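The values are calculated or read from the model by the stated rules, or taken from the named source; none is laboratory data. Since the structure is predicted, the reported quantities are computational estimates derived from the model, not experimental observations. No Cβ is skipped: glycine too gets one built from the backbone with ideal geometry, and neighbour counts run over all protein chains shown.
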Amino acid sequence: MDKVVLDKFDSALLKAVADLDNMPTGAFSLRRNGQPVKVNITPNINIIPKKDKPGIDIYVRADTKGETVHIPVVITESGINDVVYNDFYIGKNADVIINAGCGIHNDGCNDTHHNGIHRFFLDEGSKVLYVEKHYGEGDGSGKRVLDPVTEVHMGKNSSCEMRTTQIKGVDSTIRTTNAVIGDGASLVITEKIMTHGDQLAETNFKVDLDGFDSKVQVTSRSIATENSTQKFVSNVNGNNQCFGHVECDAIIKDHGKVISIPEITANCVDANLIHEAAIGKIAGEQIIKLMTIGLTESEAESEIINGFLK
Amino acid sequence: MLELKNVNFSADGKHILKDISFKLGAGKFIAITGPNGSGKSTLAKVIMGIEKPESGQIFFNGEDVTNYTIDQRARMGISFGFQQPVRFKGITVHDLLNLSAKEKLSSKDACNILATVGLCANSYLDREVNASLSGGELKRIEIASVITRGTALTIFDEPEAGIDLWSFNNLIRVFNEMREKLAGSIIVISHQERILNIADEIVLLSEGRIAKIVPHGEPLESFIPVQDVRTCCKL
Ligand SMILES: Nc1ncnc2c1ncn2[C@@H]1O[C@H](COP(=O)(O)OP(=O)(O)O)[C@@H](O)[C@H]1O
Ligand SMILES: [Mg+2]
């Protein structure tokens with residue numbers, strides 16, 4: 001499995017989900033059509049295939065700084081049902097970027113599924129930036145389905161930022177994210193979703209702020225167009241002196257539908273939790289302002305959407 | 001360059017602009033003043049195309065633009081600075097200036113534009129044009145987005161609101177430069193004496209009607225109707 005030949009679909013998908021023109025350098029694991037095809041390790045980052053189920057264990061050595069792990073997934077065969085278990089063990093004071101993404105090209109009539117089950121274990125003082133893009137394309141009637149499950153265990157004073165993006169072509173997605181945050185640790189989640197057609201996107205966040213001075217900031221910006229539906233459920237539990245802020249901002253167009261269900265629970269008198277949610281059309285005055293500087297109505301609308309999802 | 005002929009506008013059954021007619025020559029600066037609610041902002045919006053008059057006509061450079069859309073008028077050379085600046089999520093100050101300029105401005109050029117409205121650009125360019133900016137900051141960014149365009153006609157709706165003295169002096173300099181460099185015409189809606197004083201003409205609006213057009217140099221005081229506020233509250 002050393003020599004990997006990428007076809008044009010693979011390359012296009014890699015570009016879309018990971019902004020990669022070539023195979024990445026550094027630590028990576030490329031998965032294609034439900035099979036691992038290429039793994040690369042570095043002195044600081046080890047990747048070991050799991051023995052009991054599909055997936056990998058990724059070990060980042062303590063104090064590793066400035067390395068990026070790429071774990072892209074591409075699926076070009078119709079009808080694949082791929083479930084993969086990836087566990088990340090981030091050593092003490094390490095500071096790394098994890099670049100994940102899944103691109104599905106489905107020209108067939110069978111549904112293609114990919115479920116990435118990711119678990120993150122952050123040691124004391126470690127820092128992770130996790131960037132993930134989900135993208136689908138293809139002309140077949142088969143659906144492109146992504147149901148990621150993410151679990152984050154954050155040790156003392158660790159910090160994690162997760163940026164997830166799904167802009168196009170995913171017919172159905174149910175995202176589940178559970179996090180347990182330790183003393184002084186901080187989690188920032190930013191998700192961006194745009195849905196079209198009859199697509200369905202559901203996001204469920206459950207965050208336990210267990211640690212003293214633990215923090216979470218969840219920002220969801222979404223646009224539901226045509227007949228698509230989105231549901232955003234967040235559940236933040238403040239179990240100690242902590243700070244939690246959940247912000248859900250959605251634009252609806254055409255017959256798009258957005259449901260936002262906030263739940264914040266303070267189990268400690270020193271918990272400080274905020275939830276903000278707003279759903280609405282693009283403000284007419286925003287379009288008018290951009291038209292007064294010369295943009296057409298549709299140019300104005302796309303600038304507003306691009307800015308919102310930037 | 002701009003002419004309004006018998007423009008009437010109503011909303012919610014209320015006659016807001018009543019038979020407005022006036023002409024504005026190229027390179028001229030007029031100020032529109034009058035009590036709150038007299039229809040000043042509505043008049044500006046009718047010129048920009050944001051509101052459609054129910055009767056009357058608007059000519060710009062000899063062309064009847066009455067039925068033109070906002071963006072058509074904008075591209076013909078009309079700009080409008082809102083009284084209440086619009087906020088955006090995700091669009092930065094730099095983005096907005098780029099859109100106004102119709103090109104990607106270098107940070108240096110964008111900085112220069114912001115400097116003219118008294119903002120130290122480095123700390124503003126990447127900020128989103130949202131509620132995290134103060135009212136005065138938003139107002140100056142709004143003005144910057146308008147002057148960047150450098151159009152033949154620029155309308156400012158109460159530009160002085162929320163602007164400190166330093167910027168205010170700059171604002172007057174900006175008006176003067178627009179007239180000199182672009183031979184541009186300016187309409188400023190204002191209550192500020194210093195702005196009224198530099199106008200070629202002051203249009204006094206009262207209850208949706210042009211009550212008076214006062215040429216430069218003539219005292220204005222005698223024309224401002226003194227209204228007893230208590231009469232408004234009588235049941
Ligand atoms: N779209 C509208 N619908 C109903 N009333 C309006 C509308 N626009 C303006 N008005 C009313 O018209 C009057 C003039 O408003 P405006 O032009 O904003 O006044 P000014 O700028 O002189 O303070 C006010 O009484 C205002 O409430
Ligand atoms: Mg007004």
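When you go through (1) closer than 26 Å to B:Phe9 by Cβ; (2) part of a loop (DSSP other than H, G, I, E, B); (3) more than 9 Å from every other protein chain (Cβ to nearest Cβ) one by one for B:Arg149, which number turns out not to apply?
Condition not satisfied by B:Arg149: (3).
Going by the conditions given, is B:Ala144 under 22 Å from B:Ala44 (Cβ atoms), away from every other protein chain (no Cβ under 12 Å) and not acidic (Asp, Glu)?
No; evaluated as a whole, the condition is false for this residue.
All but one of (1) touching a residue at least 12 places away in the same chain (Cβ under 8 Å); (2) more than 14 Å from chain B (Cβ to nearest Cβ); (3) over 21 Å from A:Phe232 (Cβ atoms) hold for A:Val269, so report the exception by its number.
That leaves (1) as the condition not met.
Every residue in the stretch A:58-80 that is under 30 Å from A:Asp107 (Cβ atoms) and hydrophobic (A, V, I, L, M, F, W, C), please.
A:Ile71, A:Val73, A:Val74, A:Ile75, A:Ile80 - these are the residues of the stretch A:58-80 that are under 30 Å from A:Asp107 (Cβ atoms) and hydrophobic (A, V, I, L, M, F, W, C).
Just for the stretch B:21-44: of the residues that are under 18 Å from B:Gly77 (Cβ atoms) and touching a helix residue (DSSP H, G or I) at 6+ places or on another chain (Cβ under 9 Å), which one is nearest to ligand 2 (Cβ to nearest atom)?
Ranking the qualifying residues of the stretch B:21-44, first place goes to B:Phe29.
List the number of the failed condition for B:Ser79; all other conditions in (1) buried (at least 19 other Cβ atoms within 10 Å of the Cβ); (2) within 16 Å of ligand 2 (Cβ to nearest atom) hold.
(2)
Looking only at residues in the stretch B:197-216 that are within 22 Å of B:Met48 (Cβ to Cβ) and more than 15 Å from ligand 1 (Cβ to nearest atom), which one is surrounded by the most Cβ atoms within 10 Å (Cβ to Cβ)?
By that ranking, first place goes to B:Ala199.
For the stretch B:99-111, which positions are more than 19 Å from B:Lys139 (Cβ to Cβ) and away from every other protein chain (no Cβ under 14 Å)?
B:Ser106, B:Ser107, B:Lys108, B:Asp109
So, in the stretch B:9-37, how many residues would count as being surrounded by fewer than 22 Cβ atoms within 10 Å (Cβ to Cβ), within 13 Å of ligand 1 (Cβ to nearest atom) and not acidic (Asp, Glu)?
Selection size over the stretch B:9-37: 10.
Each row is one residue, and each column tells you yes or no for (1) assigned to a loop (DSSP other than H, G, I, E, B); (2) in contact (Cβ under 8 Å) with a residue 40 or more places away in the chain; (3) crowded, with 17+ Cβ neighbours inside 10 Å.
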{"site": "A:Leu13", "(1), (2), (3)": "no, yes, yes"}
{"site": "A:Arg31", "(1), (2), (3)": "no, yes, yes"}
{"site": "A:Asn46", "(1), (2), (3)": "no, no, no"}
{"site": "A:Asp57", "(1), (2), (3)": "no, no, no"}
{"site": "A:Gly79", "(1), (2), (3)": "yes, yes, no"}
{"site": "A:Phe88", "(1), (2), (3)": "no, yes, yes"}
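When the stretch A:157-168 is examined, which residues are found to be surrounded by fewer than 21 Cβ atoms within 10 Å (Cβ to Cβ) and either at pLDDT below 95 or closer than 20 Å to A:Ser141 by Cα (or both)?
Hits for the stretch A:157-168 are A:Thr165, A:Ile167, A:Lys168.
Quick one: which of A:Ile287, A:Ile282, A:Ile264 is surrounded by 15 or more Cβ atoms within 10 Å (Cβ to Cβ) and assigned to a loop (DSSP other than H, G, I, E, B)?
Criteria check complete, one pass: A:Ile282.
Out of all the residues in the stretch B:70-97, which are more than 7 Å from chain A (Cβ to nearest Cβ), away from ligand 1 (no atom under 16 Å from the Cβ) and more than 23 Å from B:Ala183 (Cα to Cα)?
B:Arg87, B:Thr92, B:Val93, B:His94, B:Leu96
I'm checking my understanding of the structure. Among residues of the stretch A:207-231 that are of a type in the set (A, V, I, L, M, F, W, C) and without any contact (Cβ under 8 Å) to a residue 60 or more places away in the chain, which one is farthest from A:Ser260 (Cα to Cα)?
Across the stretch A:207-231, the extreme among qualifying residues is A:Phe212.
Looking at the stretch B:45-71, which of its residues are crowded, with 16+ Cβ neighbours inside 10 Å, away from ligand 2 (no atom under 16 Å from the Cβ) and within 25 Å of B:Ala101 (Cα to Cα)?
If the condition is that a residue be crowded, with 16+ Cβ neighbours inside 10 Å, away from ligand 2 (no atom under 16 Å from the Cβ) and within 25 Å of B:Ala101 (Cα to Cα), then B:Gly49, B:Phe60, B:Val65, B:Tyr68, B:Ile70, B:Asp71 are the ones that fit.
Among the residues of the stretch A:254-264, is there at least one that is within 12 Å of chain B (Cβ to nearest Cβ) and under 21 Å from the mean Cα position of the chain (by Cα)?
no
Taking A:Ala278 as meeting all but one of (1) away from chain B (no Cβ under 11 Å); (2) within 22 Å of the chain's Cα centre (by Cα); (3) among the small types (Gly, Ala, Ser), write down the number of the exception.
So A:Ala278 meets the others, but not (1).
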